[in-house]
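Each remark here refers to the structure printed beneath this line.
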Amino acid sequence: MTEPLKVGVAGLGTVGSSVVRILNEKAELIAARAGRPVVVTAVSARDKGRDRGLKLDGVAWHMDPSQLARSRDVDLVVEVIGGANGAAKSCVETAIEAGRPVVTANKALLAKHGVELARAAEEAGVAIGFEAAVAGGVPVVKVLREGLSANGVSRVFGILNGTCNYILTRMEKDRLSFAECLAEAQRLGYAEADPTFDVGGHDAAHKLAILSSLAFGVETDADGVYVEGITSITPLDLEMAEELGYRVKLLGIATRGPEGVEQRVHPSMLPRDSAIARVDGVTNAVEIDGDAVGALVLAGPGAGGDATASAIIADIVDIARGIRTPVFGIPAVQLTSPTRAPMGTHEGGYYIRLSVLDRPGAAAAIATRMAEQGISLRSIVQRGREPDFDRPSADPVAVVLITYATNEAALRRALDAIEADGHIDGVPQVIRIEKR
């Protein structure tokens, strides 16, 4: 009989518990697909007394995940502790030093330390599987790393955070405020008690840095990702997007062009009939533009215990079969240092919402500042109260500008001048318009 693959699971939260349960419940199916039995022989978590609804009879318990990683009873380590440093990093490093393959769902760890871990793993002759680190149950890592080997990829983009997509979907469909939808997402378990990492765009940025490395053969560069979150989006922005034929999504977008690699995470307006724009709720979706295959769209559950465990177990099965692919698709020593494309060189259309003070010459001054930077306006829409031609009001008026294609630097210069003129109240709302 073929020897079983002995698995140690470091971290028994929602995802880790799902991994253990599914490996137990589907042992026969997984053994048939892996070509050998896959059994959990060790686990690590801080609270041994907590009831997780798991059968752990005969399973070794380690309070220290690094101790689990070096245990002789473990052939493969699953790291689902989380965090870029600390116990998670030590656990993975220890496993590699001990010559054991690793499967992880830890996007922060890979975004920050992926290249050094990849080099260490490849020198040690062990695999690192991380399908679960990006887009949950959607197999985008395998597609980029293996399925599109014959393609040069020019762009990868999509919805990489289900929390933000859920909030924007509810805001749009039910005309609710950001705060109301965030509270609901927290109540349903879609958002953390401290949601900053998600709604601020940082979770998506880590995932995008990993996708960029896979797509373009460059080192992960999380610090090179331009990041905006969704906290400033209002129901009015979503209403205007609908009228203009768009939907607003928080997108992670990575492109490679003459200026280098551009990585950005921010709210974007997409044509309503585009594939990514139609994705609602907590679902993730990624589009990959390859020169041979064209545009490939993948969509599915981006989070949740079972969906993430599904991706982890897929990596375990590959390793059990003896499949060992370079961590980022090519040997780590061949990854190049990315040239960052300056955000100011980005070109496209823009949605701009201004709170304009009701005073003579304000509209003309705004148009002049745009013209000075060579920015052409496709449309101007005023929202709110009707103007009183007899006397100005002290209350500002919402004015929405839609530009033709321009570059980011020119737009920022125009907006800085408009703010300096004193004709607007508050900070301009800027949402980039993507073609698809």
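Throughout, read-outs are computed from the coordinates displayed, never taken from laboratory work. What you see is a predicted model, and the numbers here were worked out from it, not measured in a lab. Note that we place each Cβ from the backbone using ideal geometry, even for glycine, and neighbour counts take in every protein chain shown.
Quick rundown of the values:
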{"quantity": "Alpha-carbon centroid distance for the pair the stretch 38-76 / the stretch 320-384, whole angstrom", "calculated": "47 Å"}
{"quantity": "With Cα atoms, 0 to 90° folded angle of helix 408-421 axis to the chain main axis", "calculated": "50 degrees"}
{"quantity": "DSSP-defined beta bridges in the chain - what % are antiparallel, rounded to 5", "calculated": "70 percent"}
{"quantity": "With 10 Å bins from 0: P(r) over the stretch 1-110, alpha-carbon pairs, percent", "calculated": "15, 50, 31, 4"}
{"quantity": "The stretch 17-75: C-alpha pair distances exceeding 20 Å, %", "calculated": "29 percent"}
{"quantity": "The stretch 145-299 - share of DSSP beta bridges that are antiparallel (%, nearest 5)", "calculated": "95 percent"}
{"quantity": "In degrees, nearest ten, helix 14-25 long axis to first principal axis of the chain (Cα)", "calculated": "40 degrees"}
{"quantity": "Reference-scaled alpha-carbon Rg (2.2 N^0.38 Å with N residues) for the chain", "calculated": "1.10"}
{"quantity": "Hydrodynamic radius by Kirkwood, which averages 1/r over all alpha carbon pairs of the stretch 145-299, in angstrom", "calculated": "15.9 Å"}
{"quantity": "Positive-end residue, the stretch 5-133 charge dipole about Cα centroid, Cβ charges, pick of 41, 120, 5", "calculated": "41"}
{"quantity": "Taking the stretch 145-299 and dividing mean pair separation by its residue count, relative contact order in percent (alpha carbons under 8 Å, at least six apart)", "calculated": "35 percent"}
{"quantity": "Ranked list, fewest to most other Cβ atoms within 10 Å of each Cβ, for 343, 240", "calculated": "343, 240"}
{"quantity": "Column: log10 I(q)/I(0), Debye, Cα scatterers of the stretch 346-433, q = 0.17, 0.25 Å⁻¹", "calculated": "-0.66, -1.35"}
{"quantity": "Qualifying lysines (Cα of each under 29 Å from Cα of residue 112; at least 8 residues distant if same chain)", "calculated": "6, 89, 142, 207, 249"}
{"quantity": "Relative contact order computed over the stretch 5-133 (Cα-Cα under 8 Å; 6+ residues apart), in percent", "calculated": "24 percent"}
